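Heads up, the thing below is written out as structure tokens.
The values are calculated or read from the model by the stated rules, or taken from the named source; none is laboratory data. All values reported here derive from a predicted model rather than from experimental measurement. Using ideal geometry, Cβ is built from the backbone for each residue, glycine included, and neighbour counts are taken over all protein chains shown.
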Amino acid sequence: MSDSINHQVRLAARPTGTPGPEVWEHTTEPVGDPAAGRFVVKVSHVSLDPAMRGWMNEGKSYVPPVEVGAVMRALGLGEVVASNHPEFAVGDTVTGVLGVQEYLDTDGQGLQKVTPTATVPPERYLALLGMTGMTAYFGLFDVGGLREGETVVVSGAAGAVGSVVGQLAKIKGARVVGIAGGPEKCSWITDELGFDAAIDYRAQDVAKELRTLAPDGVDVYFDNVGGEILDAVLTRLRYGARVAICGAISTYNASEPVPGPRNYLSLLVNRARMEGFIVSDFAERWGEAARELAGWLAEGRIHSREDVVDGTVDDFPEVLLKLFRGENTGKLVLRLRQG
């Protein structure tokens, strides 16, 4: 490995608002041979997730912030290219937290072996068969407590998690309304994914449309965006409704403190529940979810769409911004060109 160079993207400063070029530092370092009990992964795919914006901020959160000067945290997938570890062999494909870099020297803690095939491409292990699918599964079924025949609303419905949530709800016999941005995304979730209806938040009044599309109210709201859309859905909750807070991408780049929901008293009036969750809380049951998701995928009952961008690690800062501009459909992945 002595001839290999590792290109990396490091956090140079904590951003205010949307992270620009000044937030990043592009560095290189040589790749050494792995010590005993370690191995080297050549990264082929980097996952881009809204949560990354929160990881850049200083302060208490569900995981420690990325330190200034450290390689940017990122889920990824790659191949073992050198090993001095009894459980990981050269040629194994692994996924986990690999960082925004070309190589990772690791002891394997937290990494999982996967087996891409002709019908299951590598990037799918960062989408439906990875953290994305787990988030949708446990957020909808455990936190949302979905029951057959209920009405489900999901925001960010054409995104990585939201698109899976809607499909899972349909499998379980729910009526599903998705909120997405633009006619193409709305058509995709209804025509291809089987959502019952879609609301284009860019062109339509969300609260008004919900009165028409969910006349009896909303039983489960899976929230990926927060802000005004959360407020609109809160006005439509049914008695005993559940709100699963997965994310709030509409607020992540705010430069001023974000106000809380104005319509929260709907939770009191309707004896409803709003609960945040982190997918790692369910780590012991990921095997259960993976088996079900893989089964539904094989049966054609659920579809996974990956928005794959080919490039280098140096392209990461610009590709990340696609998330906040709403330019991706499905799971956004940076596939590294292999030299």
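The table below lists the values:
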{"read-out": "Selection from segment 230-257 of residues that are in a helix (DSSP H, G or I) and either in the same structural domain as Asn328 (by TED's automatic domain parsing) or over 19 Å from the mean Cα position of the chain (by Cα) (or both)", "value": "Asp231, Ala232, Val233, Leu234"}
{"read-out": "Condition broken by Gly173, with the remaining ones in (1) surrounded by fewer than 17 Cβ atoms within 10 Å (Cβ to Cβ); (2) outside any loop (DSSP other than H, G, I, E, B); (3) modelled with pLDDT of 95 or more satisfied", "value": "(2)"}
{"read-out": "Meets criteria (more than 14 Å from Leu140 (Cα to Cα), at pLDDT below 95, crowded, with 21+ Cβ neighbours inside 10 Å and small (Gly, Ala, Ser)) for Ala248", "value": "yes"}
{"read-out": "Options Ala207, Ala198: the member that is hydrophobic (A, V, I, L, M, F, W, C) and either closer than 27 Å to Glu318 by Cα or not in a helix (DSSP H, G or I) (or both)", "value": "Ala198"}
{"read-out": "Per-region count, segment 64-94, residues hydrophobic (A, V, I, L, M, F, W, C) and either outside the structural domain of Thr28 (by TED's automatic domain parsing) or within 18 Å of Leu129 (Cβ to Cβ) (or both)", "value": "4"}
{"read-out": "Hits in segment 316-327 - residues which are touching a Gly at 6+ places or on another chain (Cβ under 7 Å) and within 11 Å of Leu48 (Cβ to Cβ)", "value": "Val319"}
{"read-out": "Check on Ser61, modelled with pLDDT under 95, hydroxyl-bearing (Ser, Thr, Tyr) and assigned by TED's automatic domain parsing to the domain that holds Asp310", "value": "yes"}
{"read-out": "Residue check, Tyr264 within 20 Å of the chain's Cα centre (by Cα) and aromatic (Phe, Trp, Tyr)", "value": "no"}
{"read-out": "Hey, Ala298 under 18 Å from the mean Cα position of the chain (by Cα) and not assigned by TED's automatic domain parsing to the domain that holds Val225 or not", "value": "no"}
{"read-out": "Yes/no for Thr119 being under 30 Å from Gly173 (Cβ atoms) and assigned by TED's automatic domain parsing to the domain that holds Ala248", "value": "no"}
{"read-out": "Elements of type strands (runs of 3 or more DSSP E) in segment 260-339, at least 2 residues being of a type in the set (A, V, I, L, M)", "value": "306-311, 331-336"}
{"read-out": "Scope segment 17-51; condition of a type in the set (Asp, Glu), surrounded by fewer than 19 Cβ atoms within 10 Å (Cβ to Cβ) and under 22 Å from Gly69 (Cβ atoms); matching residues", "value": "Glu22, Glu25, Glu29"}
{"read-out": "Top-ranked residue in segment 253-268 [being touching a residue at least 12 places away in the same chain (Cβ under 8 Å) and surrounded by fewer than 13 Cβ atoms within 10 Å (Cβ to Cβ); ranked as nearest to Met52 (Cα to Cα)]", "value": "Ser255"}
{"read-out": "Long-range neighbours under 8 Å by Cβ, at least six apart or interchain, first residue small (Gly, Ala, Ser) within segment 296-319, second exposed (fewer than 13 other Cβ atoms within 10 Å of the Cβ)", "value": "Gly311/Arg337"}
{"read-out": "Flag if Val80 is more than 22 Å from Ser250 (Cα to Cα) and surrounded by fewer than 17 Cβ atoms within 10 Å (Cβ to Cβ)", "value": "no"}
{"read-out": "Those residues of segment 96-115 which are assigned to a loop (DSSP other than H, G, I, E, B) and either aromatic (Phe, Trp, Tyr) or over 19 Å from Val309 (Cα atoms) (or both), in sequence order", "value": "Asp107, Gly108, Gln109, Gly110, Leu111, Thr115"}
{"read-out": "Restricting segment 116-140 to residues that are at pLDDT 95 or above and among the β-branched types (Val, Ile, Thr), the residue that is farthest from Val309 (Cα to Cα)", "value": "Thr135"}
